[in-house]
Amino acid sequence: MSADVKLRKIEDMVREIENRCKEIMSKEEQVEDPNQPQEQDECVGVERLKNGDLSCAVHVAGNNFEMLIENND
């Protein structure tokens, strides 16, 4: 696989993650059922921090990524 193809795939994945984050942020907050199994290959979570900042956490293929979406400084 060429570097250009890999880069395009990564760009597509980032767009998908952004779209999922926006979708989650546009929905009302939901409380997850702690009794539900949490076995997922990928997971996207958005959290409002105590200082009002908005944080996004992504779990994909055993790796965790976090980024600050909105900074209220």
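So that you can scan it fast, the table gives a plain yes or no per residue for (1) within 16 Å of the chain's Cα centre (by Cα); (2) part of a strand (DSSP E or B); (3) at pLDDT 80 or above:
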site	(1), (2), (3)
1	no, no, no
21	yes, no, no
33	no, no, no
37	no, no, no
44	yes, yes, no
47	yes, yes, no
51	no, no, yes
56	yes, yes, no
72	no, no, no
For this session: Search the stretch 5-18 for residues that are over 24 Å from residue 68 (Cβ atoms) and pair each with any residue that is exposed (fewer than 10 other Cβ atoms within 10 Å of the Cβ) and not small (Gly, Ala, Ser) when their beta-carbon atoms are under 9 Å apart and the residues are at least 6 apart or on different chains.
Result: 9/1
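The values are calculated or read from the model by the stated rules, or taken from the named source; none is laboratory data. All of these numbers come straight from a predicted model, not from anything done at the bench. For neighbour counting, all protein chains shown are included, and Cβ atoms are generated from backbone atoms with ideal geometry for every residue, glycine included.
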